[in-house]
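Colleague: Take this structure, written in structure tokens, and hold onto it; I'll ask about it next.
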Amino acid sequence: MADTTVDLRSDTVTQPTPAMREAMMAAPLGDDVLGDDPTVIELQNACADLFGKDAACFVPSGSMANQAAIRVQTVPGDEILAHEYSHIYQYESGGPAAISGCTFAFFRGDRGMFTAEEVDAAIRPDDHHFPRSRLLVVENTHNKGGGAVWPIEQLEAVTTAARGHGLKCHLDGARLWNACAASGIEPAQWASHFDTVSACFSKGLGAPAGSIVVGDHETIRHVHRIRKMLGGAMRQSGFLAAAALHGINHHRDRLTEDHERARRLAEGIAECPGASLDVSSVETNIVYFDVPGRVAADVQSELDAMGVRMLWTGPSRMRAVVSLAVDDAGIDQAIEALHACLGAAAPA
Ligand SMILES: *Cc1c(COP(=O)(O)O)cnc(C)c1O
């Protein structure tokens, strides 16, 4: 039916724009393992400034950013406090156990969030029977939580509670750029509540790869060592750093367009009799919806055949993510395909 494909599987499918490719080709290069790639240095300095921290380390992926931050702030046997849906636990191949020897205490709140009272209640007594409560991890926006943006007061409350018990705090800010665009709150304001922050360039900002970890001098020195240990130290990575700089400088403001399109997609889906979705849950670029009575994997295949790519994430749950890979016509095509696929209400 359709001769173009609309790719809503993730915002990671974005390809470098022509201007980004030009910036990459023009980047001055060095050898970053020897510490002299000028474009990587520029990116790291820019990120330290943007997040209001001492220093930054450029790494190949968001997973490495998170895992290095965890590794440098824990010792084996420590317990990490995080939401049960957090990316660091669900989607990073067991990294906290394998790389850092850590266990988890989970929060179970709505949309990936939790409260200061729950943090207080999760802290282990200082007794040799227990793992040591050591690191709080907050995710913003929350991926599996539907792209939810934390209210900054709540985020301040949970980190203040954690610090009160001597914990370190890490922000998984893979999509912090979306939280900034949706709330008007600057990266440094979010970051001020954390010891370390990770952020991705390869999602909404449209770079081909790369993430950053920011923190104080000592911590980031240690992150550099862990990056090398994990095999993430790269040579002429200025190519990638140039793409990241281009994304930071030119693609942050346009994220609100993705959010508007996600909202329009959600409204279109909500009108399908065979779909169930609360439009008010769509705060950024991620749209989750249910297809009651249908097998989500089948819905995915049917949509695929109509040139609309989404992912099923549960037996009858689907996810669509809007990015610069999707324009207004793509949203129209997706809504039309969904109506064709889910137009009829589920049999009672
Ligand atoms: C995408 C993502 C990451 C990192 O993923 P990579 O594929 O390793 O770059 C980390 N945290 C969250 C919340 C994410 O959505």
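The values are calculated or read from the model by the stated rules, or taken from the named source; none is laboratory data. Please read these numbers as outputs of a predicted model, since none were measured by experiment. No Cβ is skipped: glycine too gets one built from the backbone with ideal geometry, and neighbour counts run over all protein chains shown.
Colleague: Surrounded by 24 or more Cβ atoms within 10 Å (Cβ to Cβ) and part of a loop (DSSP other than H, G, I, E, B) - does that describe any residue in region 213-236?
Modeller: So far as region 213-236 goes, no, none of its residues is surrounded by 24 or more Cβ atoms within 10 Å (Cβ to Cβ) and part of a loop (DSSP other than H, G, I, E, B).
Colleague: Taking the condition of being outside any loop (DSSP other than H, G, I, E, B) and either surrounded by fewer than 24 Cβ atoms within 10 Å (Cβ to Cβ) or at positive phi (or both), how many residues in region 163-175 meet it?
Modeller: So the count comes out to 4.
Colleague: To continue, here is another question. Contact list please: Cβ distance under 8 Å, first residue in region 213-233 and in the same structural domain as LYS168 (by TED's automatic domain parsing), second residue surrounded by fewer than 17 Cβ atoms within 10 Å (Cβ to Cβ) and at pLDDT 95 or above, pairs at least six apart or on different chains.
Modeller: Between residues of region 213-233 that are in the same structural domain as LYS168 (by TED's automatic domain parsing) and residues that are surrounded by fewer than 17 Cβ atoms within 10 Å (Cβ to Cβ) and at pLDDT 95 or above, the close pairs are GLY215/ASP54; ASP216/ASP54; HIS217/ASP54; ILE220/ASP54; LYS228/VAL33; ALA233/VAL33.
Colleague: Out of all the residues in region 6-25, is one or more within 16 Å of the ligand (Cβ to nearest atom) and among the hydrophobic types (A, V, I, L, M, F, W, C)?
Modeller: Yes, the conditions are met somewhere in region 6-25.
Colleague: In region 121-162, how many are surrounded by fewer than 17 Cβ atoms within 10 Å (Cβ to Cβ) and in contact with a strand residue (DSSP E or B) (Cβ under 6 Å, 6 or more places away or on another chain)?
Modeller: Number of matching residues: 2.
Colleague: Filter region 191-227 for residues that are within 14 Å of the ligand (Cβ to nearest atom) and of a type in the set (Ser, Thr, Tyr); which is farthest from the chain's Cα centre (by Cα)?
Modeller: Applying the filter and picking the extreme gives THR196.
Colleague: Working only within region 176-209, note down all residues that are within 14 Å of VAL137 (Cα to Cα) and part of a strand (DSSP E or B).
Modeller: Once the filter is applied, which keeps residues that are within 14 Å of VAL137 (Cα to Cα) and part of a strand (DSSP E or B), region 176-209 yields THR196, VAL197, SER198, ALA199.
Colleague: Here's a follow-up. Under 6 Å between Cβ atoms, which residue pairs at least 6 apart in sequence (or on different chains) link something in region 304-316 that is closer than 12 Å to VAL287 by Cα with a partner that is part of a strand (DSSP E or B) and of a type in the set (A, V, I, L, M)?
Modeller: MET310/MET318; MET310/ALA320; TRP312/MET318
Colleague: Can ALA275 be described as outside the structural domain of ASN45 (by TED's automatic domain parsing) and free of Cβ contacts under 8 Å to residues at least 24 places away in the same chain?
Modeller: no
Colleague: Further question on the same structure: Does MET64 fit the bill of being at pLDDT 95 or above, away from the ligand (no atom under 16 Å from the Cβ) and under 29 Å from ALA262 (Cβ atoms)?
Modeller: Considered against the rule, which asks whether it is at pLDDT 95 or above, away from the ligand (no atom under 16 Å from the Cβ) and under 29 Å from ALA262 (Cβ atoms), MET64 comes out as no.
Colleague: What pairs come up if the first residue lies in region 160-179 and is not assigned by TED's automatic domain parsing to the domain that holds VAL321, the second is buried (at least 23 other Cβ atoms within 10 Å of the Cβ) and of a type in the set (Asp, Glu), and their beta carbons are under 6 Å apart, counting only those six or more places apart or on different chains?
Modeller: ASP172/GLU139
Colleague: Any residue at all in region 12-32 that is part of a loop (DSSP other than H, G, I, E, B) and within 13 Å of SER198 (Cβ to Cβ)?
Modeller: No: region 12-32 contains no residue that is part of a loop (DSSP other than H, G, I, E, B) and within 13 Å of SER198 (Cβ to Cβ).
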